[in-house]
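The values are calculated or read from the model by the stated rules, or taken from the named source; none is laboratory data. Since this is a predicted model, take the numbers as computed values, not measurements. Every residue, glycine among them, receives a Cβ derived from its backbone with ideal geometry; neighbour counts consider all protein chains shown. Please note that ligands, DNA and RNA were not included when accessible areas were found on the heavy atoms of the full protein model with its side chains. Shrake-Rupley method; radii C 1.70, N 1.55, O 1.52, S 1.80 Å.
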Amino acid sequence: MKNPGTLLLFCGPSGSGKTTIVRHLLTVRNDLAFSVSATTRPKRENEIHGKDYYFISVDEFKKKIDAGEFIEWEQVYQGLYYGTLQEEIERLWKENKTVVFDVDVQGGQRIKNIFGDRVLAVFVMPPDIHELHRRLRARNSETPESFGARIAKSEKELGYADRFDKVIVNDILEKSLEEAERLAAEFLDTKH
Ligand code: 5GP
């Protein structure tokens, strides 16, 4: 196995473009696999259970908390739980993959604390707060309440960028995708 037990972590505010970056990396590198989180958030129209998330009820989520199945979990928004399953990471490592995460800043910090040097933690930064608002609005997936909650959380999260190994300022998407590829290569193809 080339890079046993390695992880790539992408964090950043909702609307920063981290999910686009993660999806891109997964298409260009076949040594990566996405850690599918569990969530109690309602499924969006374009999402697939087992691919984007494991969509489960709050009851099921709480049972998994009690059973110690999460390496980290977070009530990211009021009443909406998200968590990383231990089993998911083990499953992907068994397939000889580097595990890729798209989690919030708190979750990202936890994962970094647990796995240390085996993780490359990247913060994806929007070029400015107005652009972040615009992207969230354009996505059109939010109610006025959830939009407000996402903006508030995003503004707070921007202050955590310096706790990460690397920062990508996602202004021009093409450049950010190249930068993400370069960072992944630097970490996986040279370091280990
Ligand atoms: P969304 O609802 O837009 O898919 O995700 C909302 C936020 O939850 C994003 O910042 C996303 O990265 C984060 N998130 C997704 N899965 C997890 C997880 O397993 N743990 C944590 N802590 N955050 C997650």
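Listed by chain and number, the lysines whose alpha-carbon sits under 21 Å from that of Lys63, ignoring those within fewer than 8 places in the same chain, are Lys43. Annotation: peptides 128-134, 98-104, ranked by per-residue average of other Cβ atoms within 10 Å with the highest first, follow the order 98-104, 128-134. Taking amide H positions as modeled 1.01 Å from N, with prolines and chain starts lacking one, the residues under 5 Å from Thr6 and 5 or more places away or on another chain are Val99. Given R0 = 30 Å, the distance between the Cβ atoms of Glu87 and Asp128 translates into a calculated FRET efficiency of 0.15. Along the Cα-to-C-beta direction of Gln78, a point sits 7 Å from the Cα; which residues of the range 140-157 have their amide N less than 20 Å from that point? Output list for this probe position: 141-157.
Where a ≥ b ≥ c are the square roots of the eigenvalues of the C-alpha gyration tensor, would you call the chain rounded, which needs a/c under 1.5, or, failing that, prolate if a/b is larger than b/c, or oblate? Judged from the Cα gyration tensor, the chain comes out oblate (a/c at least 1.5, b/c at or above a/b).
Here the chain has 50 percent of its accessible surface on carbon and sulfur atoms, given a 1.4 Å probe and all protein chains in place.
Quick one: which of 41-50, 74-83 comes out on top by average Cβ neighbours within 10 Å, and what's the full order, highest first?
Top to bottom by mean Cβ count within 10 Å: 74-83, 41-50.
Across the chain, the relative contact order, built from alpha-carbon pairs under 8 Å that are at least six residues apart, equals 33 percent. With 0.36 nm allotted per residue and the present C-alpha distance subtracted, the Arg44-Ile65 stretch has 5.2 nm of extension available.
Using a simple spin-label model with pseudo-atoms 7 Å out from Cα toward Cβ, Glu145 and Glu186 lie 4.3 nm apart.
Of all DSSP beta bridges in the range 7-191, what percent run antiparallel (nearest 5)? Expressed as a percentage, antiparallel bridges in the range 7-191 total about 30.
Placing R0 at 22 angstrom, the Cβ-Cβ distance between Lys166 and Leu26 gives a FRET efficiency of 0.75 after rounding to 0.05. Amide H to amide H, with H built 1.01 Å from N, Val169 comes under 5 Å of Met125, counting only residues 5 or more places away or on other chains. To make sure I understand the rule: partners must be lysines, Cα under 24 Å from the Cα of Lys97, and not fewer than 8 residues away in the same chain. Which ones qualify? Hits, sequence-local ones excluded: Lys2, Lys18, Lys51, Lys112, Lys166, Lys191.
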